[in-house]
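Visitor: Provided herewith is a single structure, encoded as structure tokens, for subsequent inquiry.
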Amino acid sequence: MSSIKTGLHVPPIVETTAAGDPALGPVWHGYWSDETDTQAFARQLATCPALAHSTLTLRGDLGAGKTTLVRHLLRALGVRGHIKSPTYAVVEPHSAIDCPLMPAGEPLQIWHFDFYRFNDAREWEDAGLRELFASPGLKLVEWPERAADFMPPVDAEIDIEPDPMRTDPDHDGARRVRVRAHSPTGRLLLAVLAT
């Protein structure tokens, strides 16, 4: 059974305040022992109707598993075909034709942003990023801190880090995960994860 469900090493919990500061929002803590747990997390998140019109940031070092999580989430939402990283393009659009969160026949629009190479304020306007963030649909943002001056408010942030206690190669996929809600939509996402 997946540790996303059982909490084998670190039980998934939801705190009502974060580090004693209620202004930071509630937090869910979890543990992924391997990529199967990442996939289970994505599938669980994809059951929340609020996800269809939310903005999520993904934080973590290179190789932490941000893009892997996005790929599993997009598959869980019904995206077909090749899913590539937007590292060089800044944004990759996706459309989920048969998304269970949407009315029949209405696709879910998804934008996957990667601001790792973002360094020019003009790019925000020139690429039409303001309009994309203002449009309906799901926005998934890697490296949001590199565009912090331009980013609109987010609903939730997902922090992924390798488990520092698992340094052997047989367990290099182990991750500690924290999801912090910043809006009512983010709180709905946390509620789904806490079930």
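Visitor: Can you check how the C-alpha radius of gyration of the range 116-164 compares to 2.2 N^0.38 Å, as a plain ratio? Write out the running numbers ahead of the final one.
Guide: Values: Rg = 12.5 Å, N = 49, 2.2 N^0.38 = 9.7 Å.
The reported ratio for this selection is 1.30.
Visitor: Between E123 and E145, how many nm apart are label points set 7 Å from Cα along the C-beta direction?
Guide: Rounded to a tenth, the inter-label distance reads 1.7 nm.
Visitor: Here is a further query. Quick one: work out Rg over Rh on the C-alpha atoms of the range 23-159, Rh as Kirkwood radius. Please report the intermediate quantities before stating the final value.
Guide: Details: Rg = 14.5 Å, Rh = 15.4 Å.
Result: Rg/Rh = 0.94.
Visitor: Return the sequence-ordered ³J(HN,Hα) values of the range 122-139 in whole Hz as given by the Karplus equation 6.51 cos²θ - 1.76 cosθ + 1.60 applied to θ = phi - 60°, using x for Gly and Pro.
Guide: 5, 4, 4, 6, 4, 8, x, 5, 4, 5, 4, 5, 7, 7, x, x, 9, 10
Visitor: Take each of the peptides 173-182, 76-85, 53-62, 145-154, average the number of other beta-carbon atoms within 10 Å over its residues, and list them starting from the highest.
Guide: Numbers: 173-182: 21.0, 76-85: 15.3, 53-62: 18.5, 145-154: 13.6.
So the peptides 173-182, 76-85, 53-62, 145-154, ranked by packing, come out 173-182, 53-62, 76-85, 145-154.
Visitor: Here's a follow-up. At what distance in angstrom do the alpha carbon centres of the range 38-98 and the range 103-151 lie from each other?
Guide: Comparing the Cα centres of the range 38-98 and the range 103-151, I get a distance of 13 Å.
Visitor: Under 5 Å between amide hydrogens, which residues at least 5 positions from A156 or on another chain qualify, with H placed 1.01 Å from N in the peptide plane?
Guide: T55, T57, H182
Visitor: I need E131, E106, E92 ordered by Cβ neighbour count within 10 Å, fewest first. Could the numbers behind the result be given before it?
Guide: Values: E131 9, E106 12, E92 19.
Least to most surrounded, the residues fall as E131, E106, E92.
Visitor: Measure off 7 Å from each Cα along the Cα-to-Cβ vector at E35 and A191, then give the distance between these two points in nanometres to one decimal.
Guide: Distance between the two pseudo-spin positions: 3.4 nm.
Visitor: Per 0.36 nm of contour for each residue apart, how much would the distance between A89 and T47 grow if the chain were fully extended, relative to their Cα-Cα spacing? Could the numbers behind the result be given before it?
Guide: Details: separation 42, 0.36 × 42 = 15.12 nm, distance 2.88 nm.
Additional length available on full extension: 12.2 nm.
Visitor: What list of ³J(HN,Hα) couplings, whole Hz, do you get for the range 57-71 from phi and the Karplus terms 6.51, -1.76, 1.60, once you set θ to phi - 60° and write x for glycine and proline?
Guide: 9, 10, 10, x, 5, 4, x, 6, x, 5, 5, 4, 4, 4, 4
Read-outs: derived from the displayed coordinates by stated rules, not from any lab. Everything numeric in this text was worked out from a predicted model, so none of it was measured. With ideal geometry, Cβ positions are generated from the backbone for all residues, glycine too; neighbour counts draw on all protein chains shown.
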